[in-house]
1. Select from the range B:104-129 the residues that are of a type in the set (Val, Ile, Thr), open to solvent by less than 20 Å² (accessible area, probe 1.4 Å) and more than 9 Å from chain A (Cβ to nearest Cβ) and list them in ascending order.
2. Could you check, for the range A:15-23, whether at least one of its residues is in contact with a strand residue (DSSP E or B) (Cβ under 7 Å, 6 or more places away or on another chain), without any contact (Cβ under 8 Å) to a residue 60 or more places away in the chain and more than 28 Å from residue A:161 (Cα to Cα)?
3. In the range A:219-242, which residues are surrounded by fewer than 20 Cβ atoms within 10 Å (Cβ to Cβ), more than 10 Å from chain B (Cβ to nearest Cβ) and not in a helix (DSSP H, G or I)?
4. Yes or no: the range B:284-291 includes at least one residue that is more than 20 Å from the chain's Cα centre (by Cα) and within 25 Å of residue A:426 (Cα to Cα).
5. Mind telling me which of the residues B:94, B:41 ends up being modelled with pLDDT under 95, in the same structural domain as residue B:170 (by TED's automatic domain parsing), under 26 Å from the mean Cα position of the chain (by Cα) and not hydroxyl-bearing (Ser, Thr, Tyr)?
6. Where the second residue is at pLDDT below 95 and not in a loop (DSSP other than H, G, I, E, B) and the first is assigned by TED's automatic domain parsing to the domain that holds residue A:229 and polar (S, T, N, Q) and lies in the range A:175-197, which pairs have Cβ atoms under 8 Å and are six or more apart or on separate chains?
7. Restricting the search to the range B:246-274, which residues are farther than 30 Å from residue B:351 by Cβ and more than 8 Å from chain A (Cβ to nearest Cβ)?
8. Please work out if residue A:421 is facing another protein chain (nearest Cβ under 7 Å) and aliphatic (A, V, I, L, M).
Number of protein chains: 2
Amino acid sequence: MSAQASTPVAVTRLSTAQPDFEAAFQKVLHWSAETDDAIEQRVAEILAAVRTQGDAAVLEFTARFDGVQAASVAALELTREELKAAFDAITPEQRAALESAAARVRSYHERQLQACGLSWQYTDADGTVLGQKVTPLDRVGIYVPGGKAAYPSSVLMNAIPAHVAGVGEIIMVVPTPRGEKNPLVLAAAYVAGVSRAFCIGGAQAVGALAHGTATVPKVDKITGPGNAYVAAAKRRVFGLVGIDMIAGPSEILVLADGTTPPDWVAMDLFSQAEHDELAQSILLCPDAGYIAQVQAAIERLIDGMPRKDVIRASLEGRGALILTRDMEEACAISNRIAPEHLEVSSAEPNRWEPLLRHAGAIFLGAYTSESLGDYCAGPNHVLPTSGTARFSSPLGVYDFQKRSSLIQVSEAGAQILGPTAAILAYGEGLQAHAQAAEFRLRKPI
Amino acid sequence: MSAQASTPVAVTRLSTAQPDFEAAFQKVLHWSAETDDAIEQRVAEILAAVRTQGDAAVLEFTARFDGVQAASVAALELTREELKAAFDAITPEQRAALESAAARVRSYHERQLQACGLSWQYTDADGTVLGQKVTPLDRVGIYVPGGKAAYPSSVLMNAIPAHVAGVGEIIMVVPTPRGEKNPLVLAAAYVAGVSRAFCIGGAQAVGALAHGTATVPKVDKITGPGNAYVAAAKRRVFGLVGIDMIAGPSEILVLADGTTPPDWVAMDLFSQAEHDELAQSILLCPDAGYIAQVQAAIERLIDGMPRKDVIRASLEGRGALILTRDMEEACAISNRIAPEHLEVSSAEPNRWEPLLRHAGAIFLGAYTSESLGDYCAGPNHVLPTSGTARFSSPLGVYDFQKRSSLIQVSEAGAQILGPTAAILAYGEGLQAHAQAAEFRLRKPI
């Protein structure tokens, strides 16, 4: 123990039994993704410049924002040899870890392809064939953050599902502030097998991928997380290209029944809090004694964490330890939050799982720390944040595919469908629709 | 034949063999979804008013834009009895057509649910369970246009997949300019079984659904087409709620090998052109003689069409008859366009279908008029427009579901995954992630 005791970590403590719980709970949850007008304006200008001036604008913004001077955008492209050299230069343990993680992520997404990503069709009694053809996107762009949050694991999580879907070409962009390249990011790009990679970032990289330049190919969809500029740029190019989602701060919710060692839970809360000060860690538990043990573990463990300042700021600013009446109530509150990561740290995780309706990923049982899922269990770590798990899904193979309906009406089928279509079309005042159906009838209606 | 011959329909004629084909083709395809700053500004104000003033703002905008004065938003709600009364008041043929179309649409989307909308999981050798849980959205809003383009079929196409997905509550909004209710739209809402319906529209309806008011419940996702104000509002609330897509003008592309009666193809081109002047109808065919026959059919048939002015404006402004070298080239050009509706009007449709990679819906063979698919074949008629079929899909059951990853790591699995996760986490500078994995190890690494 250090000679000077540190200040206790002032995490918000709530109980669902307290009279003002609802207001206090709303305060904890409050997070506003207000759009910043200055950022919006700046991003609109950057995108317009990239659209009209192409490579020249990309070079100018890269020099200005990343401090990287290059003679051409081609000079900012990473060669396959550079990626391989990065892979060869990391430690054998890191190489093995990247390859093992990649193999598991690939295996999971292959199962996903089989489960929900294949074409299907059926034939009606009259010979009419109906179905859906599922095809991969031709070319996608993956945005990989650089600088303080450079995550090689994100390269795997974006590129591998695209590969499994059968995407023809994967273009990676990653900013390299002051020219600093992250060796693990480059090594991950080698392992994941991206087609091409450019050291560009920010709104200018999003613009280059969306509009295409002389050097950077235009893609069909852009996925991957980024800062406020990247998020604003993705929102603006949505429609011209597909995008995955607009990510907010990361969150973990732990539902605990008091059977998991408190240190484990404290460290799981830390693992979210260490991302950044806006990250949110919440514990829901019906056992007041256990909550006290977790809080004690927080106090005991925090000083050992290199990122203790970020962890403290996050826990004090947005964290919460919430006492519930029972596990059922904890599940109900979890559904209101619709968390990105949901740990069911319980001896009976499969008892509670059916009650949990909204979450990006559900981690069941004491051994399933979020961090195992973040890196290598197999499922994707790109997940819906800020309650968007109510209506959106983890990044997956399906994000790199699209569907086309197939309709092959037989002559006999046209006789059955024609009158129905004609009646409805006339009702909508669309006479050409009606007559197109009637032309296919053997005898007029 | 009328005494006065009408002016010929001046549809653009192109040949892929002409030297300036590429430029002329680009001109045909050019359509710019420029955002209109005035609309953007107006929509931002409307959304802000609805967010802060709720029902009062909805009432005010409904009075101003639709000319409907109501004492309360509750007074704008359609009761189940009103919907039933509308259903009872339409003709028996219309009732039968709506019910028959609904049954086919339901049947198709039930197949879709089975094919790609079910939960799945698998167990690793070490006992770790991985999978995905698929759940319906709790509550969705469907926007149904009113006024000049009031389409009862769109009510079926939005509400039925939501029902099949298992959505708990479906809230329909439909503007009723000057209080005029479309009986077929109300009847379709009855057949489709929407939970509640409000006579409101425009950006104010989108705002009410996205933010919720005292009367209109907040939804998780908004689907359905609308005008420029509705599109701008949907784009703005994206993230707070899910949205389906931002639709542009409707399009048809017909690939013809010259074996379909030319009148049928002419009427199919009309059926798209009659939607509105910006709608696009394109014919690709390797047979110049057949193209001439289709053009003659256009001249012969247009004067019989009640919507001939709209059809002419659309065909002359955005239509094209394109002579290709062969069917293979026609397929390649189709892939560049990525049309919303793609008719393969050929005696060998299944020969060409494998070559077609980007389209919202593919209609195979001469009997499969687009209009059969629009109303009652079964597949959805809400389809990606403006080339977005390169990366997006028809509206479907999957739009009303979301996925949660499931991860249950066994104690044995944690021993295998832990070291990999820890090595990668340390590499990213995320020590709490690493320690959370290490805490689960029986012996330290």
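The values are calculated or read from the model by the stated rules, or taken from the named source; none is laboratory data. Quick caveat: nothing in here was measured; it's all calculated off a predicted structure. All Cβ positions, even for glycine, are placed from backbone atoms using ideal geometry, and neighbour counts span all protein chains on display. Remember, those area values only see protein heavy atoms, side chains included, never the ligands or the DNA or RNA. Shrake-Rupley method; radii C 1.70, N 1.55, O 1.52, S 1.80 Å.
1. B:105
2. Scanning the range A:15-23, I find at least one residue that is in contact with a strand residue (DSSP E or B) (Cβ under 7 Å, 6 or more places away or on another chain), without any contact (Cβ under 8 Å) to a residue 60 or more places away in the chain and more than 28 Å from residue A:161 (Cα to Cα), so the answer is yes.
3. Selection gives A:227 alone.
4. Checked against the condition, which is being more than 20 Å from the chain's Cα centre (by Cα) and within 25 Å of residue A:426 (Cα to Cα), the range B:284-291 yields no hits at all.
5. Checking each option against the conditions leaves just B:41.
6. Sorted first by the residue in the range A:175-197, then by its partner, the pairs are A:182/A:152.
7. B:247, B:248, B:249
8. For residue A:421, the condition - facing another protein chain (nearest Cβ under 7 Å) and aliphatic (A, V, I, L, M) - is met.
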